[in-house]
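Here the structure is laid out as structure tokens; the discussion comes afterwards.
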Amino acid sequence: QVQLVESGGGVVQAGGSLRLSCAASGRIVSTYVMGWFRQAPGKEREFVAFIRWGTGYTDYADSVKGRFTISRDNAKSTVYMQMNSLKPEDTAVYYCAAGFTLGRAPGSYASWGQGTQVTVSS
């Protein structure tokens, strides 16, 4: 099983940028799918983006498409999410996840990080 540690969250004004990192340790294989999810207070956890570790194939939620970019650094076993043009509605705890199935459902992912808070002020 892979262990995940997120970092990079913080407080930013609307229109600003942040880059989240997810450091993975353990046995990482090319077939892994690495996902980012977020959960705002009182709301369900929602899909943000995923990337296939080996091929680099990506998918994004419509709400972040064109503003967020997911990428990975194989040498560092780290997945990133560059978040630009941030909006107050992007405020949430952001979680990194790992699984073997391409999908947007949280149940598709077996390993989760502890989360990092992103707050966007208006």
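Within the set of pairs 6 or more residues apart or between chains, which connect a residue that is touching a residue at least 12 places away in the same chain (Cβ under 8 Å) and among the hydroxyl-bearing types (Ser, Thr, Tyr) inside region 97-114 to a residue that is surrounded by 15 or more Cβ atoms within 10 Å (Cβ to Cβ) and not in a strand (DSSP E or B) with Cβ atoms less than 6 Å apart?
Within 6 Å, the pairs are 101/108; 111/2.
Please go through (1) surrounded by fewer than 22 Cβ atoms within 10 Å (Cβ to Cβ); (2) under 20 Å from residue 111 (Cβ atoms) for residue 94 and return the number of the only condition it doesn't satisfy.
Failed condition: (1).
Of all residues in region 1-20, count the ones that are open to solvent by 60 Å² or more (accessible area, probe 1.4 Å) and of a type in the set (A, V, I, L, M).
2
Could you list, in sequence order, all residues of region 24-53 that are closer than 22 Å to residue 67 by Cα, free of Cβ contacts under 8 Å to residues at least 60 places away in the same chain and among the small types (Gly, Ala, Ser)?
Listed by number, the residues that qualify are 40, 49.
Taking only pairs six or more apart or across chains, which ones have beta-carbon atoms under 6 Å, a first residue in region 76-93 that is farther than 13 Å from residue 63 by Cα, and a second residue that is not in a strand (DSSP E or B)?
Within 6 Å, the pairs are 77/28; 92/40; 93/115.
When the residues of region 43-60 are filtered to those that are assigned to a loop (DSSP other than H, G, I, E, B) and of a type in the set (Gly, Ala, Ser), which remaining residue is farthest from residue 10 (Cα to Cα)?
Among those that are assigned to a loop (DSSP other than H, G, I, E, B) and of a type in the set (Gly, Ala, Ser), it is 54.
Could you go through region 22-36 and let me know if any residue there is open to solvent by less than 40 Å² (accessible area, probe 1.4 Å) and charged (D, E, K, R).
Within region 22-36, not a single residue is open to solvent by less than 40 Å² (accessible area, probe 1.4 Å) and charged (D, E, K, R).
What tally of residues in region 4-42 results from selecting those that are in a strand (DSSP E or B) and either within 14 Å of residue 73 (Cβ to Cβ) or polar (S, T, N, Q) (or both)?
Here is the first cut: in region 4-42, the ones in a strand (DSSP E or B) are 4-7, 10-13, 18-25, 33-39.
Filter once more, keeping what is either within 14 Å of residue 73 (Cβ to Cβ) or polar (S, T, N, Q) (or both): 7, 13, 19-25, 34, 39.
Residues meeting the conditions: 11.
Looking at 111, 71, 85, 63, can you tell me which residue is among the hydroxyl-bearing types (Ser, Thr, Tyr), farther than 21 Å from residue 10 by Cβ and either part of a strand (DSSP E or B) or open to solvent by 60 Å² or more (accessible area, probe 1.4 Å) (or both)?
Exactly one residue qualifies, and that residue is 111.
Need the failing condition index for residue 47 against (1) modelled with pLDDT of 95 or more; (2) open to solvent by 60 Å² or more (accessible area, probe 1.4 Å), just the number.
The one condition residue 47 does not meet is (2).
The values are calculated or read from the model by the stated rules, or taken from the named source; none is laboratory data. None of the values given here were measured: they were computed from a predicted structure. Note: ideal-geometry Cβ built from the backbone for every residue, glycine included; neighbour counts use all protein chains shown. These accessible areas exclude ligands, DNA and RNA; they are computed on the full protein's heavy atoms, side chains included. Shrake-Rupley method; radii C 1.70, N 1.55, O 1.52, S 1.80 Å.
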